[in-house]
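Working notes for the structure below.
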Amino acid sequence: MHASNFHPRISSEDLASLYQTIHSFTLFFIILAFLCCVGLLAVVIALIRISLAKQHEKESNEYASHVITAQEEERARISAELHDTVAQDLCVALSMAANENQRKILHDSIAQIRSLCYMLVPPSLTKQSLSSALKGFCLNFIDETKIDLHFLIREDAAALLNSEKFSAQQKLNIYRIVQESLMNVKKHANASEVSIFARRENKSENEGVYLFIEDDGNGFSQAKLAGNHMEKHFGLRGMNMRARQTGGILTINSRTEGSEMGSGTEIQLFIPIGAFEK
C-alpha cells in the first residue's frame, strides 16, 4: 500500500490575505524608514543651526573683544596726548597768568583736563582691588556732581569681584559699565539720588554676583532698548558688549515720569559663578 502525497490547496482568499499582510508590513516599514530619515534630517539641521549659532556667538564675542581693545587703546592715546600737550601748555600759561581771574580760569581748565584723563584711563586694577577703584570713582562723582550716591558692595560679593580668578579685563569691563552708567546719570537723568549695590547669590540656579545701579532720574522709554534703537545708543551698546565679554548678563529697566513706581532707571548686571572660574 503506497502512501499518497498530500498537497494542501491555497485558496485565492488566503493568497489575497497574505498579499494584504505583506503589503501592510511593507508599507509600515516604508513609512518607518521615511520617518527615520525625516527625524535624522531634523537632527542634522538642528545640529547645523546650533553649530552656526555657536560660531556666530564666537565671532560676535571676538568682534566685541576687538572693539573694546581698540577703545581702550584709543582712550589711552588721547589721555596721553591731553596730559603731555594740553595740560602742560595750560600749566605754563598758568605760571604766566597776569591776574587772579586768568589764573582761576586756567586752574579750572587744568582740573577738567586731569579729570578727563582719569576718566579715559582708570587706575590700574592690578595694583588695587576693583571694589576700591569703584569706590574711588564714586567719591569723585559725588565731588563733581553733588548727587547723593549710596555705595555698598557686600564682603561676599567683593571677595569674588576682587578675586585673582577674575581677569583684569573682566574687572575693567565692570568698571567701565559702572562708569558709563554714572556718566549717563550725570548727563541725562537729572537725578538727585543714585545707589550702587552688589551682593552674592548662593542659590545653585542663580549663583553669582548681582550688581545694581539705580537712580531716581527722568528715565527713558523702554522702546529705546529694543531692536535697532539699541544700535543708535553707543554707550548702552558698549555696556552690553562688555557684559557679554565678562560672561555676564546686563538688564536695563527704565521708568518715565507718570509711572506708578516713579521715574528712574535700574541697571542690573548678573555675573554667574562660572565667569569667575574661567
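Table for the structure above
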item	result
Selection within the stretch 209-219 - surrounded by fewer than 22 Cβ atoms within 10 Å (Cβ to Cβ) and over 19 Å from ARG255 (Cβ atoms)	TYR210
Criterion (farther than 17 Å from LEU250 by Cβ, surrounded by fewer than 18 Cβ atoms within 10 Å (Cβ to Cβ) and at pLDDT below 85) met by exactly one of SER204, SER195	SER204
Tally, over the stretch 227-278, of residues that are closer than 17 Å to SER195 by Cβ, at pLDDT below 90 and either aliphatic (A, V, I, L, M) or buried (at least 18 other Cβ atoms within 10 Å of the Cβ) (or both)	5
Lone qualifier among PHE151, PHE166 - being of a type in the set (A, V, I, L, M, F, W, C), at pLDDT below 90 and not assigned by TED's automatic domain parsing to the domain that holds ALA76	PHE166
Single residue of LEU139, LEU130 found to be in contact with a Lys or Arg (Cβ under 8 Å, 6 or more places away or on another chain) and at pLDDT 85 or above	LEU130
Flag if ALA64 is under 24 Å from MET119 (Cα atoms), at pLDDT 80 or above and within 23 Å of the chain's Cα centre (by Cα)	no
Of residues in the stretch 84-115 being of a type in the set (Val, Ile, Thr) and in contact (Cβ under 8 Å) with a residue 12 or more places away in the chain, the one surrounded by the most Cβ atoms within 10 Å (Cβ to Cβ)	ILE113
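The values are calculated or read from the model by the stated rules, or taken from the named source; none is laboratory data. Keep in mind it's a predicted model, so treat the numbers as computed, not measured. Because the Cβ atoms are built from the backbone with ideal geometry, glycine has one as well, and the counts that use them run over all protein chains shown.
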